[in-house]
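The values are calculated or read from the model by the stated rules, or taken from the named source; none is laboratory data. All values derive from a computational prediction rather than experimental measurement. Please note: Cβ atoms are built from the backbone with ideal geometry, for glycine as well, and neighbour counts cover all protein chains shown.
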Amino acid sequence: MLSHKVRETNENQMVVRDYDGVTVASFLEWIYAAELGEDIVKKLKKVAEPGEFISQRRFDEKKFSSELLKMSHQYQMSCLESDCEDYLQRTVSKENAVEAWKAAGTSGSQKLREKALTTMARNHKKGVENPEIKDQAIGLEEMLDWVVSHTTIKEEEGKDEQARGADQDHVKVRFRSEIMTICFNPDDTYLSFKTKVATKIQRSRFLLRYKGTREIFVDIQRPHCDNWTLRRYFGDMRIKNRELLDVIVDVPDTY
């Protein structure tokens, strides 16, 4: 990992000149983040929504960036590199496509490279200008002209939203200032639902408050109605489709 003949191997110091402080801080934070474990990650991926990202560690997914991908590749952090590639591939947009494309060139991620190119080509075809493309000395704009002229770009607008279940049953979960949508099938188990919420907020023990005073106590380590379907559980708890649930992390000892 950090076996290079640099100061960190001799003096327990790490000198990084190629990356900004935010990237280095995220890199170190990921190293010390708790691992979920292979079995838990597999279970989470089984119950995840289409296109939903599952990290291998308890880490804020918004911190996965193109620069973090390049740094993880440079320092041979394969697990971090894998998480970065997976997250970036799912979140490529017209705003970050060029940076994702360049990072993929550094790491050698063909899937991320293709996703970034496809995103740029789709927007180029629509006439959406991207100043960053013109700044590339490799003739990327000419490459996109060729792609548009010789291939058919699949129109995928709206598919991501549909895949996330825009018309699917869901509840809103408010954690601090962020409101997250948790989609579900009424035949899903309560275990799958509480696991999704726990993963999103990175907590294993919390309360879900709704309708002002009603509360659900959630403890991932304590089985409770885990095999009930959500149709049965939500019906019993009188939780309606699209209900707003507030996360309370300060759980009294009485629970």
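Condition first: outside any helix (DSSP H, G or I) and within 19 Å of LYS70 (Cβ to Cβ). Now tell me which residues in the stretch 101-130 satisfy that.
GLY108, SER109
With modelled with pLDDT of 90 or more, part of a helix (DSSP H, G or I) and crowded, with 17+ Cβ neighbours inside 10 Å as the only criterion, which of PHE193, PHE206 stands out?
On the way: PHE206 fails: part of a helix (DSSP H, G or I).
Going through PHE193, PHE206 in turn, the sole match is PHE193.
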Subject >> Check on THR199, assigned to a helix (DSSP H, G or I) and either modelled with pLDDT of 90 or more or not assigned by TED's automatic domain parsing to the domain that holds ALA33 (or both) >> reply: yes
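Does VAL218 qualify as being surrounded by fewer than 17 Cβ atoms within 10 Å (Cβ to Cβ), of a type in the set (A, V, I, L, M), at negative phi and not in a helix (DSSP H, G or I)?
No; evaluated as a whole, the condition is false for this residue.
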Original post:
Of the numbered conditions (1) part of a strand (DSSP E or B); (2) touching a residue at least 40 places away in the same chain (Cβ under 8 Å), TYR233 satisfies every one except a single condition; which is it?
Top reply: (1)
Original post:
Checking PRO223 against (1) within 23 Å of GLU178 (Cα to Cα); (2) without any contact (Cβ under 8 Å) to a residue 60 or more places away in the chain, which single condition isn't satisfied?
Top reply: (1)
Original post:
Any idea which of (1) at positive phi; (2) in a helix (DSSP H, G or I) is the one VAL98 doesn't satisfy?
Top reply: (1)
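Condition check: at pLDDT below 85 and either out of contact with any helix residue (DSSP H, G or I) (no Cβ under 9 Å at 6 or more places or on another chain) or surrounded by 18 or more Cβ atoms within 10 Å (Cβ to Cβ) (or both). Does LYS45 satisfy that? Spell out how you get there, then give the answer.
Numbers: at pLDDT below 85: yes; either out of contact with any helix residue (DSSP H, G or I) (no Cβ under 9 Å at 6 or more places or on another chain) or surrounded by 18 or more Cβ atoms within 10 Å (Cβ to Cβ) (or both): yes.
Yes: the conditions hold for LYS45.
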Subject >> In the stretch 36-57, the residues that are charged (D, E, K, R) and within 23 Å of TYR19 (Cα to Cα) >> reply: ARG57
**OP:** Considering (1) crowded, with 16+ Cβ neighbours inside 10 Å; (2) closer than 21 Å to ASP188 by Cβ; (3) more than 13 Å from the chain's Cα centre (by Cα), say which one ILE54 fails and leave the rest.
**Re:** (3)
**OP:** Specify the residue that is nearest to the chain's Cα centre (by Cα); the eligible residues are those in the stretch 70-123 that are hydroxyl-bearing (Ser, Thr, Tyr) and farther than 18 Å from GLU29 by Cβ.
**Re:** THR91
